[in-house]
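What follows is a single structure, written as structure tokens, with notes after it.
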Amino acid sequence: MSPLSVDLAELYIEGGQRRARGHNTRLVSPPPESPDARKGILIILLDLGGPLTYRRRHLRHLLNLIQQTYYTTPGTILSALVYALRIAHRELQTINETLAQEDASHAYTCHAACLVLHEDELYIAQVGATTVAVLLPDGLKWFSPLLQEEEEPTPLGLPRDVRPHTARLSVSPDTMVLVLDSGWVGQIEEERFRTAISQPEVSHVLDTLAASVTTPEVSALALKVIPAQNVTPAPTPIITKVEEEPAVPPESTAPPTAAKRTLPGPSRLRRAWDGVKAWGARILPGREAATPRPLPSMPEPPPFTPPRQIPVRPRTGPVAGWKRRLWWIIVLLPIALILGLTVLSWQQEREREAQFLAALERARTAIAQAAATEDPQVTREFIRQAERALDDARQIRPDDPEIARLQQQIDDLRQTLERVQPLYIMWQLASFPGMNVTRVVVEGESIYLLDQNTDTVYRYTLTDTGEGVTQPEPERLFGRGDSVDGRRVGDLIDIAWLPAGPATQMSGLVALDGAGALFVYDPLRQTYTLDFARPETWRAPLRMLVYPPRLYVLDPGANTIFRFLPTPDGYTVPPDEYFTVPVDLTGVQDFAIDGNVYLLYPDGRLLRYFQGAQDDFTPEVVLSSPTAIYVTGQLPYLFIADAGNRRLLVLDKEQGNLVAQLVPGEGFDVDFGDLRALFVADDLSAVVFVAGETLWRAPLSLR
């Protein structure tokens, strides 16, 4: 059969208006020469309900995640689809957990339908209240979790497991497929639906359906199976490239509001469930109750006739020879049976040995090809082939040392491909139970820590080798409740190193409290205060940085970054605001400055601004619950504590490309899932970081 493809049209209605295209669908058609072509053409429709803020970004992220997971997951098509939906479910649960920290009423739910056309087979995987209708020569086939579950189907994002519903059917040219989101339930009359699905062109199908829609927000896809050489460009462009859309600040700074279709509770799903069942019973052929046909009557059996008796003449004569033959049969039969089983076992063992050696050879060949290519996608495919071959070998000899050796080669290739760099040398400098260290500053041999549990600044002193500290307990410098120059220290916000300049004659450690007071520590004058012109719009400062000669304060409450110029008396001139465009600093986690200003959010967004305006900066990595970012004007890289992925990321500052993933080397008892603060030497000689309640230092050697 000639290769098949799809002709596709998209319908997206938002606010009662039909839009040129939506942001919740994707068609991925890999080139024939691509390794992904063996996984077929992927079609995705997502129905995401929840807060409007960043909804489009989350849609793009989920589409990328499903596409990437499907094409990189080994196994059957249906198993890869199910796994991709479950990965998206866990990701949406993580997003909801982050939102719940701010407002428990804000949460996302997502109904999803994923289809794959592979040769002449159509594969379907659905979650939630989506609907797929397929018009085949023998009638209309209907697929929806609402029709298959006794209980209401579970969409993605809720705090419980999902059970994707799957189907597989054969298709041919001119097969028409409709993919509908949850908003279509109860929107189509029987005759209108039959008229629409019978249209010869996909655009006519959606035009007919759109004429009967009354809900203000709904989406659908219409697909027609056609021969591959007859593919025409879709009237609406469907994104096929996996790339994250740059985050765009929302139009207002108001708190997130719920979307029109959030679908979190059971009432709407229950109505959808009952409505789809009633609707399907009306319009789908072949669902009427079949009238049972009577079983045919069986004829009476013929009368029994006993067998004819044949007279047998009694045997006479000697029987010794027959008994001897019987004895030999009894003796030799078990021997022959054992011999036959031995030969069969030997043959099977030879076959298993040949299969084992062939699997090892396939693995070696794939490993060599992966090491020889420079294309990351091709390398990943060869690594998957090598792993499948090793899995076959493990089924025969699970403990063979050659399997372990080849697996180590695969792991090394993957680490090189993903730029994973274990830190094989690390020194635990100190532990401080009960402290919550949110900032670490290193200057010379001194390491300064800010404990926000007690709002206190501490200092450790490194040994000459840098592999430890000179005192078991940190030296307390100053903290909340202390009196400095007649002013009481309040809740400390942040600390930073302040070089000598117009504001201070000597370099020192500067600390900012919530009331807008600046305290400076240097070994000669000890602790003193600096004049500070706190602005009237001061609300809830979160972080402070010094990028000479200016001092910057991140204030999410005032939705700005204050920028202070030094004077001979301190910072006595009222600050100006850094941003020249509207921004939303709600939930911002940390910021860093190297001439550009970087904003880090706990949902994984990393934004870059230059001279107050956002520029084009899209890192190629996906962050999960990041906690800290560090960069200076002298460093060539960005360093990010990506706690959710248990790694310390190193990115280049131009485009955000991955340079290295720093992870603990084997044998170290340190949890990178609890990274809190970090500092990197300007010469890239070492990194100092806080993980949980421990302080570590590690030499750097970036490859």
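The values are calculated or read from the model by the stated rules, or taken from the named source; none is laboratory data. Here the structure is a predicted model, which means the values were calculated and not measured. Every residue, glycine as well, gets a Cβ built from its backbone with ideal geometry; the counts of neighbours run over all protein chains shown. Keep in mind that these areas ignore ligands, DNA and RNA; they rest on the heavy atoms of the full protein, side chains included. Shrake-Rupley method; radii C 1.70, N 1.55, O 1.52, S 1.80 Å.
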Suppose we filter R534, R550, R539, R543 for residues that are within 22 Å of L477 (Cα to Cα) and of a type in the set (D, E, K, R); which single one remains?
R543
Can you name every one of the strands (runs of 3 or more DSSP E) wholly within the stretch 459-522 that holds 1 or more residues which are charged (D, E, K, R) and modelled with pLDDT of 95 or more?
475-479, 492-498, 508-513
Is it fair to say D513 is under 44 Å from the mean Cα position of the chain (by Cα), under 25 Å from I629 (Cα atoms), buried (at least 17 other Cβ atoms within 10 Å of the Cβ) and among the charged types (D, E, K, R)?
yes
Determine whether F562 is part of a loop (DSSP other than H, G, I, E, B), in contact (Cβ under 8 Å) with a residue 24 or more places away in the chain, among the aromatic types (F, W, Y) and open to solvent by less than 30 Å² (accessible area, probe 1.4 Å).
no
So which residues in the stretch 56-93 are of a type in the set (S, T, N, Q), touching a Lys or Arg at 6+ places or on another chain (Cβ under 8 Å) and surrounded by fewer than 20 Cβ atoms within 10 Å (Cβ to Cβ), if there are any at all?
T72
Listing of strands (runs of 3 or more DSSP E) fully contained in the stretch 408-454 that carry 3 or more residues being open to solvent by less than 50 Å² (accessible area, probe 1.4 Å), over 24 Å from P523 (Cα atoms) and modelled with pLDDT under 95:
420-423
Residue in the stretch 576-590 that is outside any strand (DSSP E or B), modelled with pLDDT of 95 or more, surrounded by fewer than 19 Cβ atoms within 10 Å (Cβ to Cβ) and at positive phi present:
yes
Within the stretch 124-168, residues being surrounded by 14 or more Cβ atoms within 10 Å (Cβ to Cβ), closer than 20 Å to V202 by Cα and of a type outside the set (G, A, S) number 11
Is it the case that the stretch 467-474 has a residue that's among the acidic types (D, E), open to solvent by 50 Å² or more (accessible area, probe 1.4 Å), under 25 Å from R550 (Cα atoms) and in contact (Cβ under 8 Å) with a residue 40 or more places away in the chain?
no
Mind checking which pairs have a first residue in the stretch 671-685 that is touching a residue at least 24 places away in the same chain (Cβ under 8 Å) and a second that is open to solvent by 60 Å² or more (accessible area, probe 1.4 Å) and part of a loop (DSSP other than H, G, I, E, B), Cβ under 6 Å, 6 or more apart or different chains?
F672/R646; G673/R646; D682/Q634
Looking only at the stretch 4-55, filter to residues that are without any contact (Cβ under 8 Å) to a residue 60 or more places away in the chain and touching a Lys or Arg at 6+ places or on another chain (Cβ under 9 Å); which one of those is surrounded by the most Cβ atoms within 10 Å (Cβ to Cβ)?
H23
